[in-house]
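What follows is a single structure, written as structure tokens, with notes after it.
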Amino acid sequence: MTERKTGVVIKNYNGYYYVDSAGEAAPCKLRGRLKKERFSLLTGDRVVFTPPERPGGEGCIENILDRRNRLYKPAIANIDQIAMVFSLKNPDFNQNIADRFLVAAEQLAIPIIICLSKADLLTESDSTGRLVCLYGKIGYKVIKTSVVDNTGRQELQELLTGKTTVFSGLSGVGKSTLLNSFYPELALPTGAVSARNNKGRHTTRFSQLLPAGGGYVADTPGFSLAETAEFTEDALKRAFREFTVYQDNCRFAQCVHLNEPDCAVKAALADGLINQARYDNYCALLLEIRTNAKRRFK
Ligand SMILES: Nc1nc2c(ncn2[C@@H]2O[C@H](COP(=O)(O)OP(=O)(O)OP(=O)(O)O)[C@@H](O)[C@H]2O)c(=O)[nH]1
Ligand SMILES: [Mg+2]
Ligand SMILES: [Zn+2]
């Protein structure tokens, strides 16, 4: 009898779940009993399994352990943190896109690391420092990175160690390049921005975790959390973290900080305590939620 072990499903491919345990990934089938139950097994799930009896054989998943959280797109469970990569240049940093991504990620209640990539393409006089300061003050971990001069390399690598991290961000921001710089053995495909079209370039279509640095990373191709996000006005208010310290002082408890009188958030904005672009992006998202709601009830 082979000893049972616990492991992590790192991919579902060709009818097998690949279960990683102590650095070895074994192809496994599901125990029949589990198939009959209403189950869902995702990449990232922790399982109890019987390893293959000999190399080249197949193992068997006996039990699925409790799931802590999950992403929907890509479908991955038990994530420790999301690394949101925004390039400073090529493609240029766009605060509107960044704030949308952050709001979408906030709905997941998973810690976020903001990576401002390609720092080598900007000079110190550019607005990088301002961005680091803005998002840092709001409470995000912000790291400037460059694979050309190794900016931020050590800091980010330390944060990845032993954790399950999903890299997300628009196509061309440098996710795969960053991961390759830490873990050359991954040899992820990368490409020049000019060489890509909008669709069809991505190689990885299924969600998989790559064992690296004592933890796991997921490299999501041109992944856009924003596409899938649907949230309420309350969730939007919470997602703009820096508003929350003021909103208790708004005259109305249900104040959305738009046109209400005695709004403490707008007062903070007027005093320069809240970033104008952040506030503008908040308003734009609020109006979008309302427009969508109207459409739904028509
Ligand atoms: N100058 C500079 N270029 C970089 C840096 N990181 C990535 N690049 C370039 O940016 C381009 C896109 O990099 P990728 O790693 O393929 O981007 P990606 O985010 O994985 O893109 P998708 O897989 O399409 O989602 C490549 O030409 C890289 O060489 C950097 O730190 N500095
Ligand atoms: Mg990539
Ligand atoms: Zn208000």
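The values are calculated or read from the model by the stated rules, or taken from the named source; none is laboratory data. Here the structure is a predicted model, which is why all the values come from computation and not from measurement. All Cβ positions, glycine included, derive from the backbone under ideal geometry; neighbour counts span all protein chains shown.
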Quick one: Thr164 ticks every box in (1) among the hydroxyl-bearing types (Ser, Thr, Tyr); (2) touching a strand residue (DSSP E or B) at 6+ places or on another chain (Cβ under 6 Å); (3) closer than 22 Å to Pro91 by Cβ except a single one, so which number is it?
(3)
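Taking Ile138 as the residue in question, decide whether it is in contact (Cβ under 8 Å) with a residue 60 or more places away in the chain, buried (at least 17 other Cβ atoms within 10 Å of the Cβ) and of a type in the set (A, V, I, L, M, F, W, C).
Numbers: in contact (Cβ under 8 Å) with a residue 60 or more places away in the chain: yes; buried (at least 17 other Cβ atoms within 10 Å of the Cβ): yes; of a type in the set (A, V, I, L, M, F, W, C): yes.
In short, yes.
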Could you list, ordered by first residue, the pairs with Cβ atoms under 6 Å in which the first is in region 265-287 and at pLDDT 95 or above and the second is polar (S, T, N, Q), at least 6 apart or interchain?
Val265/Gln247; Ala277/Gln95; Asn281/Asn96
Can you tell me how many residues in region 17-49 are over 24 Å from Arg68 (Cβ atoms) and either touching a residue at least 24 places away in the same chain (Cβ under 8 Å) or of a type in the set (A, V, I, L, M, F, W, C) (or both)?
2
Condition met for Lys141 (closer than 30 Å to Thr232 by Cα, in contact with a Pro (Cβ under 8 Å, 6 or more places away or on another chain) and at pLDDT 95 or above):
yes
Given (1) closer than 26 Å to Asn275 by Cβ; (2) within 17 Å of the chain's Cα centre (by Cα); (3) not aromatic (Phe, Trp, Tyr), where does Asp92 come up short, assuming only one miss?
(2)
State whether the residues of region 248-261 include one that is under 25 Å from Ile82 (Cβ atoms), away from ligand 1 (no atom under 16 Å from the Cβ) and either modelled with pLDDT under 95 or not assigned by TED's automatic domain parsing to the domain that holds Leu179 (or both).
no
Candidate set: region 101-118, residues that are modelled with pLDDT under 95 and buried (at least 20 other Cβ atoms within 10 Å of the Cβ); chosen: the one nearest to Val48 (Cα to Cα)
Ala105
Please identify the pairs in which a residue from region 171-187 that is away from ligand 3 (no atom under 16 Å from the Cβ) has its Cβ atom under 7 Å from the Cβ atom of a residue that is among the hydroxyl-bearing types (Ser, Thr, Tyr) and part of a loop (DSSP other than H, G, I, E, B), counting only partners at least 6 apart or on another chain.
Ser176/Thr190; Thr177/Thr190; Leu178/Thr145; Asn180/Thr190
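Yes or no, residue by residue, for (1) away from ligand 2 (no atom under 16 Å from the Cβ); (2) not assigned by TED's automatic domain parsing to the domain that holds Leu179:
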| residue | (1), (2) |
| --- | --- |
| Glu58 | yes, yes |
| Asn78 | yes, no |
| Gln81 | yes, no |
| Phe86 | no, no |
| Asp99 | yes, no |
| Ile113 | yes, no |
| Asp120 | yes, no |
| Thr123 | yes, no |
| Asp126 | yes, no |
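Determine if region 280-289 includes at least one residue that is at positive phi and not assigned by TED's automatic domain parsing to the domain that holds Ala98.
Applying the first criterion (at positive phi) to region 280-289 yields none.
No; the residues of region 280-289 include none that is at positive phi and not assigned by TED's automatic domain parsing to the domain that holds Ala98.
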Show me the strands (runs of 3 or more DSSP E) entirely contained within region 67-144 in which 1 or more residues are of a type in the set (D, E, K, R).
70-72, 141-144
Can you name every residue in region 259-281 that is within 13 Å of ligand 3 (Cβ to nearest atom) and surrounded by 13 or more Cβ atoms within 10 Å (Cβ to Cβ)?
Glu260, Cys263, Ala264, Val265, Lys266, Ala267, Ala268, Leu269, Ile274, Tyr279
